Structure formats: C-alpha cells, structure tokens
Amino acid sequence: MSDNLSKLITEQRNFNSIDIDLKSTEEILRIFHEEDRKALDAVEAEDASIAQGITLITETFRQGGKLFYVGAGTSGRLGVLDASECPPTFSTSPSLVQGIIAGGDRALRRSAEAAEDKPNAGAQALRDHGVTDLDVVVGIASSGRTPYVHGALEEAHRIGAKTIFLCCTPPADKLEPFVDLFIAPVVGPEIITGSTRLKAGTATKLVLNMLTTVSMIRIGKVYSNLMVDIHASNAKLIDRGARIIMEVTGVDHATAQSALERAAGSAKTATVMLLKGLGREEAAAVLNQNQGFLRRVLEDT
C-alpha cells in the first residue's frame with residue numbers, strides 16, 4: 001500500500017518548496033502565491049467537466065432529486081461547508097444539498113482519519129441518508145483513493161443515482177464502472193508534502209462553489225447577480241434583503257423593508273409584490289407559475 005501511495009501526485013515532494021524551513025517569511029509567501037495560481041489553472045482546465053456536472057445537478061434538482069457530497073477529512077469538511085451554505089444563500093431546504101463526512105459530524109472538529117479506510121461505511125452512509133435513483137452523489141477525494149468515498153460511489157451506482165468523482169489526481173481506471181463523470185483538477189505536489197488542505201483543498205472549494213452556485217442560478221435562485229431568493233431571518237439578512245429589493249425595484253429603504261416584512265422575509269416575493277402590485281399569496285403564486293424565476297415574472301407584461 002505504501003508503494004502505491006508514494007506514486008500519488010498528492011504525496012510527492014514539491015521541488016519549489018524544498019528547504020522551505022530555511023526561507024524567510026516573504027519567500028514562503030511567494031511560494032504560496034506561485035502554487036495557488038497552479039490550483040486556479042488546474043480548475044479552469046476542467047471547465048468542460050465542471051459544466052457537465054452542473055448540468056447533471058441542475059437536471060436532478062428539476063426532477064425533484066437531491067445532491068449529496070461524500071468525503072473524508074478536508075474533502076468531507078469542504079463538502080459539508082458547501083452544503084450548509086446553500087439554505088442561507090438560496091433559501092433551499094437543508095435536505096436539497098447534503099454533506100456526508102466519514103466519521104460523522106464529530107469529524108468536522110476532530111480528526112477521524114481511520115474512518116476513511118472503510119468502504120462499507122461509505123455505502124452505509126448513503127443508505128442512512130436515503131439516497132435514491134433521483135439523486136446525484138459527488139464523491140470528493142483529493143488523492144483519488146479514499147476507500148470510504150469509493151464505497152459510497154459504488155453504492156450510489158448500485159442504487160441508480162448519478163455519480164461524480166472530484167479528485168486532484170488522474171482518476172483510477174477501476175472507478176470507471178461506477179462514475180458517470182470525473183472532475184480532476186490536477187494541482188501537483190503540495191508545498192508541505194501530502195498536506196492536501198492546501199492546493200488540493202483550494203481547488204476542491206473552487207469546484208464546489210461552481211457546482212452549487214451555477215446550478216442554483218440555473219433553477220432561478222439568482223436574478224442578475226443578486227441572491228433574490230434570500231430569506232431574511234436575522235438583522236444582516238433583513239438589511240441585505242431590503243437592499244436587494246431597492247436595487248431591483250428602485251424604492252426607498254423604508255418601502256423595501258416594509259414589503260419584506262409583508263412577504264414574510266422573502267426578498268423575491270416582496271419584489272414581485274411591489275413591481276406587480278400584488279399581495280403576498282398572489283406574488284408567490286405567480287413565482288410558482290414561473291418555476292421561481294424572477295426574471296420571467298418581471299419580463300412578462
């Protein structure tokens with residue numbers, strides 16, 4: 001096993017950071033900038049695959065399915081992070097995008113590295129979360145070899161769910177029967193050998209940002225570049241919601257905030273109420289008739 005691991009790109013030494021412990025802080029920072037740019041380039045090189053992934057996820061959402069991220073360690077934490085940000089950003093149900101991490105929620109704060117070596121646990125996690133053939137499962141593993149993630153992908157394939165594998169090494173051939181789409185930004189060896197929380201983690205976060213954000217745009221959660229589906233539930237979000245309404249409708253802050261209150265915190269509903277002269281229930285119904293797309297409602301004269 002050690003021989004196989006030593007051949008992984010994520011486990012090799014980075015010649016750009018040899019003797020980094022002898023360098024000045026400024027020199028070390030320059031190395032970080034040089035290496036981080038490689039992560040950006042690696043992600044951009046995967047645009048075609050990322051776009052295919054967005055199409056799969058968007059179709060899944062439109063058909064009533066869910067998105068599941070599965071990972072261990074840093075990869076798992078990044079999946080949970082991206083999933084947990086969807087409800088406050090896009091007013092989605094917490095069940096629409098879910099993050100599963102080897103070792104459970106405890107592993108979000110404390111290392112549970114041994115959990116990643118159990119493929120059966122990955123498969124069981126999908127069963128525990130009720131994954132169906134309507135869903136899409138994204139396995140995340142920087143090294144490309146995490147048994148927990150492999151087990152989850154095999155189980156997802158057995159169930160009939162769509163499968164995507166996000167890794168930072170060329171993917172293993174043995175996974176091809178179980179994976180519909182590979183996204184593999186190959187970032188190269190890390191500054192600190194094997195520390196995939198660095199470039200690989202950065203590349204992974206960038207890809208996850210794109211998968212969920214662009215999919216949400218495609219299902220009507222964004223108008224222009226505004227998060228109009230925001231549900232104002234605290235002081236910061238109330239202020240943001242009012243500013244969004246002001247931007248789209250041109251009303252003053254007091255009018256926007258009043259409409260937001262009457263719309264029970266929904267900036268999108270409040271916007272339709274103001275621009276179409278409708279009550280809350282009527283505005284919500286019009287949005288529903290247009291699959292939630294605010295632009296369609298506003299352009300419908």
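Listed residues Ala123, Ala141; which is small (Gly, Ala, Ser) and within 18 Å of the chain's Cα centre (by Cα)?
Values: Ala123 fails: within 18 Å of the chain's Cα centre (by Cα).
Criteria check complete, one pass: Ala141.
Could you check region 96-119 and list, in sequence order, the residues that are farther than 16 Å from Gly79 by Cβ and in contact with an Asp or Glu (Cβ under 9 Å, 6 or more places away or on another chain)?
Scanning region 96-119 gives a single hit, Pro119.
May I ask you to verify whether Phe182 is among the aromatic types (Phe, Trp, Tyr) and in contact with a Cys (Cβ under 9 Å, 6 or more places away or on another chain)? Give the derivation first.
Values: among the aromatic types (Phe, Trp, Tyr): yes; in contact with a Cys (Cβ under 9 Å, 6 or more places away or on another chain): yes.
Taking the combined requirement at face value, the residue satisfies it.
Please find, within region 148-175, the residue that is modelled with the lowest pLDDT out of those that are outside any helix (DSSP H, G or I) and aliphatic (A, V, I, L, M). Spell out the reasoning first.
Residues of region 148-175 outside any helix (DSSP H, G or I): 160-172.
Still in the list and also aliphatic (A, V, I, L, M): 161, 164, 166, 172.
Numbers: Ala161: 98, Ile164: 98, Leu166: 98, Ala172: 77.
Ranking the candidates gives Ala172 first.
Between Ala259, Ala264, Ala242, which is free of Cβ contacts under 8 Å to residues at least 40 places away in the same chain and either in the same structural domain as Pro87 (by TED's automatic domain parsing) or under 21 Å from Ser93 (Cβ atoms) (or both)? Before you say what the answer is, go through the steps one by one.
Working: Ala259 fails: either in the same structural domain as Pro87 (by TED's automatic domain parsing) or under 21 Å from Ser93 (Cβ atoms) (or both); Ala242 fails: either in the same structural domain as Pro87 (by TED's automatic domain parsing) or under 21 Å from Ser93 (Cβ atoms) (or both).
Step by step, each of Ala259, Ala264, Ala242 is checked, and only Ala264 is free of Cβ contacts under 8 Å to residues at least 40 places away in the same chain and either in the same structural domain as Pro87 (by TED's automatic domain parsing) or under 21 Å from Ser93 (Cβ atoms) (or both).
Any idea which residue in region 176-234 is farthest from Asn14 (Cα to Cα), counting only those that are of a type in the set (D, E, K, R) and crowded, with 19+ Cβ neighbours inside 10 Å? First the steps, then the outcome.
Of all residues in region 176-234, those of a type in the set (D, E, K, R) come to 176, 180, 190, 197, 199, 205, 218, 221, 229.
Now narrow it down to the ones that are crowded, with 19+ Cβ neighbours inside 10 Å: 190, 199, 221, 229.
On the way: Glu190: 6, Lys199: 12, Lys221: 41, Asp229: 44 Å.
Checked region 176-234; the qualifying residue farthest from Asn14 (Cα to Cα) is Asp229.
Considering every residue within region 179-193, establish whether at least one is in the same structural domain as Phe32 (by TED's automatic domain parsing), on the phi > 0 side of the Ramachandran plot and modelled with pLDDT under 95. Break it down into steps so the answer makes sense when it comes.
Residues of region 179-193 in the same structural domain as Phe32 (by TED's automatic domain parsing): 179-193.
Of the ones still in play, those that are also on the phi > 0 side of the Ramachandran plot are 188.
In the following step, the residues that additionally are modelled with pLDDT under 95 were identified as 188.
Yes, region 179-193 contains a residue that is in the same structural domain as Phe32 (by TED's automatic domain parsing), on the phi > 0 side of the Ramachandran plot and modelled with pLDDT under 95.
The values are calculated or read from the model by the stated rules, or taken from the named source; none is laboratory data. Computed from a predicted model, the values in this text were never measured in an experiment. For neighbour counting, all protein chains shown are included, and Cβ atoms are generated from backbone atoms with ideal geometry for every residue, glycine included.
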